[in-house]
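To keep things clear, I will list the structure first and then write my remarks on it.
The values are calculated or read from the model by the stated rules, or taken from the named source; none is laboratory data. Note that the structure is predicted; figures quoted are calculated from it, not measured. Cβ coordinates were reconstructed from backbone atoms using ideal geometry, including for glycine residues, and neighbour counts include every protein chain displayed. For accessibility, only protein heavy atoms count, side chains too; no ligands or nucleic acids. Shrake-Rupley method; radii C 1.70, N 1.55, O 1.52, S 1.80 Å.
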Amino acid sequence: MQPVAPAIGTDARQWADARRLAAERGIRLVEALEESLGLAPDVFVATLGAALGQPTATMAELHAMTPRFDRLAFADALRRECVLLQDAAGGLVLVHADPFARSLRDWADEAIADPFRWLLAHRADLAAYLALHEEGMRAMDAVLGPGTQDDARADAVEDLSIRTISGDASPVVKLVNSTLYDALKLGASDVHLESAADGLLVKYRVDGVLGQAGSAAGRELAEHVISRVKVMAELDIAERRVPQDGRFKVAARGREIDVRVSIMPSVFGEDAVLRILDKRALADEARGLRLDVLGFDEASMAAIRALAAEPYGMLLVTGPTGS
């Protein structure tokens, strides 16, 4: 890859400054170049693409194309910071954000069998595009495999994301983390891991209704999953005859979430119930509770607000009959 030409608004000194900045701060050259130029993101990408002779894409143009995660897995897209899309004409394009990453080109030529062309996008647009599709993906589908999902619906902090789940080498760790990840996306309050005669049943409680979300075959796998939960909650993995309670934290979507764990012996081994306590979600729900939402009429709301403004005393709200 040739250095950026002065035509994009740099001179030899600016180019040297970008290289020095990248070395000093341990960042990529493209990031250092953008910082040293001080251009707006869309202007920077367009200017860089013109200098290197590479076509570029805006966020709107990315959304106009169809993602092909069947050709390039979503986990690989996250890891390599690229995404394979199909344009309106049916051609494949690989969108990337770092034109100086020679290793990406070598890898893409080997990983993608079909012909494709390159498109340059800003790294923030590419990250936002992948994050949007991450919200719509179900991590547990890739772990449990087809045919295992039920149509009903399915102070160490464990980091939960498609990237970390895909990077885990252990299938047990992948199963536990992806189960929690999907539960958080569905807004489940509880996760039930039940040992059965032929494996493990995974159930979610959503809006008070408990339904099966999936299953995994193998009694040994079920034991390993329960043991993994015990390790996360710092419980005794050797004790299988008495109930145990514990807790751990996970990090997802930029916040920490508490998980309470209850282990109970069962006929086929042990069962685990994980209670998800998302404090931020609860706080958001509490902020949405207003007097008018609770059904108070205007007169009652005015009386309650007037009493609540008093410096001391108790609120005494009576009904229409004075009771």
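General observations
- Whole-Hz couplings from phi, Karplus 6.51/-1.76/1.60, listed for region 216-228; x for Gly and Pro: 9, 7, x, 5, 5, 4, 4, 5, 5, 5, 4, 5, 4
- Cα shape, region 167-222, gyration tensor, a/c 1.5 rule: oblate
- Tensor-based shape of region 7-110 (alpha-carbon gyration tensor, a/c under 1.5 rounded, otherwise prolate or oblate): prolate
- The 3J(HN,Hα) values that the Karplus relation (6.51, -1.76, 1.60; θ = phi - 60°) gives for region 98-104 are, in residue order, 10, x, 9, 7, 5, 5, 5 Hz. Gly and Pro appear as x.
- Ordering of 67-73, 308-314 by burial proxy (mean other Cβ atoms within 10 Å per residue, highest first): 67-73, 308-314
- Sequentially through region 59-71, phi angles give Karplus couplings (6.51, -1.76, 1.60; θ = phi - 60°) of 4, 4, 5, 5, 5, 6, 9, 9, x, 10, 6, 6, 8 Hz, Gly and Pro residues having no value and appearing as x.
- Taken as Cα centroids, region 58-101 and region 181-252 sit 35 Å apart, rounded to the nearest whole angstrom.
- 1.4 Å probe accessible area per residue over region 159-240, in Å²: 42
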